[in-house]
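> Take a look at the following structure, please.
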Amino acid sequence: MVAKEVIKNFEGVCKNLKAQEKLNIIIVGTGYVGLTTGLALGYLGHKVTCVDTDTAIIDKLERGISTIYEPGLEDLLKDKGNIVQFTDRLLESLSNADIVVIAVGTPSKSNGDTDLSFVEAVAREVGSAMDPDQPPVIVNKSTVPIGTARRVEAVIKEELERRGISSTFSVASNPEFLREGAALHDTFYPDRIVVGANDMHALNMLRQMYAPILEQTFTPPQSVLRPESYSLPALVTTSPTSAELIKYSANAFLAMKISFINEFATIAEKVGADINEVAKGIGLDKRIGTGFLKAGVGWGGSCFPKDVRSILFTAGQYNCELQLISAALDVNQKQRMKIIEKLQQTLKVVRGSTIGILGLAFKPNTDDIRESPAIDIINELLEMGARVKVYDPVAQQKYRETYPEQKIVYCDSAVDTARECDALAILTDWDEFWQLPWKEIGQSMDQKIIIDGRNMLNCEEIKKYGFTYSGIGR
Ligand code: UDX
């Protein structure tokens, strides 16, 4: 534990790295990971260039407009002239690069395998143009299957050989653990930084890149303050393969933890226990921990589902069965349908009913709807012949663009959504849903039924307004 005073003593001293500590860093890919990492490293004083082939994205970022919804990002972007450059030309930015961070997308294939074509394309470009006398350290930050560090190395070697060059260079694996909605916070104040490298040069370069974070020598940005209780992060150094597996293990474990509590929510309902009380009771055991024990409609997003499927695929290739992880995935799929079951139990007939959905994003503080439980639930309701009204404070536009063909009524507020509904289902725990005018909402509904898919409401309070309330495992 680092004393607060120690951190305070450093504040303001070292926001600007000394010239010899500054690295020339290229970040390829400006999605959640790339953009956040690029802006954070730029803020810390490195010379950062963010590259993306999508010129529309680069154009927007150039104008200081964020292309993703992420708290604190706009503030750093306002300052971007001083901290980061944006370009669509990787080849031109490669000269003088100390580190090239690959943070491009790694989508799922239909069989659960990971599509590495974007990663390999970057590796190829790097190999075709990098300076063999002063090769940059190549860093895999995208979540990639086991062996990708070796694959990237092989692709770069091929390109160098094509140029008639035989040069040694390092490829390291540096997985990210940032949560959407808290991406900058997790970048500046991580629990640990994992670096998988086979040689000291790569390790030292990454240590230098992360030095301001490892030592917390920077003045926190106004919008991403350092938590009072924060202690210095550990630097975990491993082989590239272990680093790759650490990322999958972390996400699989967290997904499993949520599926565990969701499974127990089902038995809690049957025996008349409250899963929130159970979660608290077990979470305070330090061996278990309180995090990721919130029962609800299950996990979604761009990482857990994809990474769980990917590690299951890899395990399959090794003829190795990951039974717990398969079960976690299975439980998660069924968990979404709990909302439908609850609607059937309370409404009896869903066909012809009007159902209001509060929340489309897979979690609050993001506009990301990838693999959001809302998608499966809305599809099922439409399939069953229900009329669906929806509201999400941020993700609504994205949902409409992604599913333009769906007959959904988009509303401007939770109150507007509830009007003439037979039931309301809360699917994302947005802050604004904590304090809704329940009396007014109840008066405007045809039937006063609430399915609280995130266990966020005080059920006793809600029942006072005459609602029939059903949470998850309460
Ligand atoms: C996750 C990991 O946390 C992060 O380390 C990794 O780098 C990327 O994947 P993210 O997907 O952004 O981050 O969100 P997270 O906060 O982990 O939530 C994932 C899903 O689990 C969400 O759908 C959330 O609603 C759900 N969840 C989370 C629960 O249902 N219960 C919980 O207790 C915690």
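> Over all distinct alpha-carbon pairs, what is the Kirkwood Rh of segment 304-470 in angstrom?
Result for segment 304-470, one decimal place: 16.8 Å.
> Relative contact order of segment 304-470, please, whole-number percent, based on alpha carbon pairs below 8 angstrom and at least 6 residues apart.
21 percent
> Now, a different point. Computing the accessible area with a 1.4 Å probe over protein heavy atoms, can you report the carbon and sulfur percentage for segment 244-403?
Taking all protein chains in place, segment 244-403 shows 56 percent carbon and sulfur surface.
> Now, a different point. In deg cm²/dmol and to the nearest 500, what is the mean residue ellipticity at 222 nm of the chain if only DSSP H runs of at least 4 residues count, each as -39500 (n - 2.57), divided by the residue total?
-13000 deg cm²/dmol
> Could you tell me which chymotrypsin sites (Phe, Trp or Tyr not before Pro) in segment 242-322 are loop residues by DSSP with no more than 14 other beta carbons within 10 angstrom of their beta carbon?
Working: sites: Tyr248, Phe253, Phe260, Phe264, Phe292, Trp299, Phe313, Tyr318; in loops: Phe292, Trp299, Tyr318.
Here the chymotrypsin sites (Phe, Trp or Tyr not before Pro) that fit, given the DSSP loop and packing criteria, are Tyr318.
> Would you kindly state how much longer the chain becomes between Val409 and Asp446 on full extension, computed as 0.36 nm times their sequence separation minus their alpha carbon distance, in nm to one decimal?
Gain on extension, Val409 to Asp446, equals 11.7 nm.
> Same structure again: Over all distinct alpha-carbon pairs, what is the Kirkwood Rh of segment 281-357 in angstrom? Intermediate results must be reported in sequence, preceding the final value.
On the way: mean 1/r = 0.0650 Å⁻¹.
Hydrodynamic radius (Kirkwood, Cα only) of segment 281-357 equals 15.4 Å.
> With every protein chain kept in the model, how would you rank Lys157, Lys141, Lys286 by accessible area, 1.4 Å probe, largest at the top? Provide the component values of the computation, followed by the final result.
Working: Lys157 85, Lys141 10, Lys286 195 Å².
I get Lys286, Lys157, Lys141, largest accessible area first.
> Let me ask something else. Take Cys320, Cys421 and sort them by solvent-accessible surface of the protein heavy atoms, 1.4 Å probe, largest at the top.
My answer, sorted largest first, is Cys320, Cys421.
> A further question on this structure: Averaging over every viewing direction, what projected area does the convex hull of the Cα atoms of the chain cover, in nm²? Walk me through the numbers before you get to the answer.
Working: hull surface 96.3 nm².
Value for the chain: 24.1 nm².
> Same structure again: Normalising by the residue count of the chain, find the relative contact order in percent from Cα pairs under 8 Å and 6+ residues apart.
Computed value for the chain: 12 percent relative contact order.
> Can I ask one more? Met200 versus Glu460, label points 7 Å from Cα toward the beta carbon: distance in nm?
Spacing of the two 7 Å Cα→Cβ label points: 6.4 nm.
> Separate question: Sticking with the crude label model, points 7 Å out along Cα→Cβ, report the distance from Glu401 to Thr266 in nm, one decimal please.
Result: 3.7 nm between the two label points.
> Share of antiparallel DSSP beta bridges in the chain, in percent to the nearest 5?
Once the DSSP bridges in the chain are tallied, antiparallel ones form about 5 percent.
> In addition: Please report the carbon-and-sulfur percent of the accessible area for segment 3-238; probe 1.4 Å, protein heavy atoms only, DNA, RNA and ligands left out.
On segment 3-238, the fraction of accessible area on carbon and sulfur atoms equals 49 percent.
> Rounded to the nearest 0.05, what FRET efficiency is calculated for Ser223 and Glu383 with R0 set to 30 Å and r the Cβ-Cβ distance?
After rounding to 0.05, the efficiency reads 0.10.
> Could you work out how far the C-alpha centroid of segment 318-338 sits from that of segment 435-474, in angstrom?
31 Å
> Can you give the longest stretch of the chain with no exposed loop site, where a site means GluC sites (Glu not before Pro) in a DSSP loop (not H, G, I, E or B) with at most 15 other C-beta atoms within 10 Å?
In the chain, the maximal stretch lacking such sites is 12-227.
> Taking 0.36 nm per residue of separation and subtracting the Cα-Cα distance, what length does fully extending Ala327 through Asp115 add?
73.9 nm
> Between segment 281-299 and segment 42-93, what is the separation of their alpha carbon centroids in Å?
Measuring centre to centre over Cα atoms gives 37 Å.
> When ligands, DNA and RNA are left out and all protein chains stay put, how many square angstrom of accessible area per residue does the chain have with a 1.4 Å probe?
Value for the chain: 45 Å² per residue.
> Now, a different point. In segment 407-474, which chymotrypsin sites (Phe, Trp or Tyr not before Pro) fall in coil by DSSP and have 10 or fewer other Cβ atoms within 10 Å? Don't skip to the answer; put the middle values down first.
On the way: sites: Tyr410, Trp430, Phe433, Trp434, Trp438, Tyr465, Phe467, Tyr469; in loops: Trp430, Trp434, Tyr465, Phe467.
Here the sparse-neighbourhood loop sites are Trp434.
The values are calculated or read from the model by the stated rules, or taken from the named source; none is laboratory data. What you see is a predicted model; the values in this text were computed from it and never measured. Cβ coordinates were reconstructed from backbone atoms using ideal geometry, including for glycine residues, and neighbour counts include every protein chain displayed. For the accessible areas, the whole protein counts, side chains as well, though only heavy atoms, and no ligand, DNA or RNA atoms are used. Shrake-Rupley method; radii C 1.70, N 1.55, O 1.52, S 1.80 Å.
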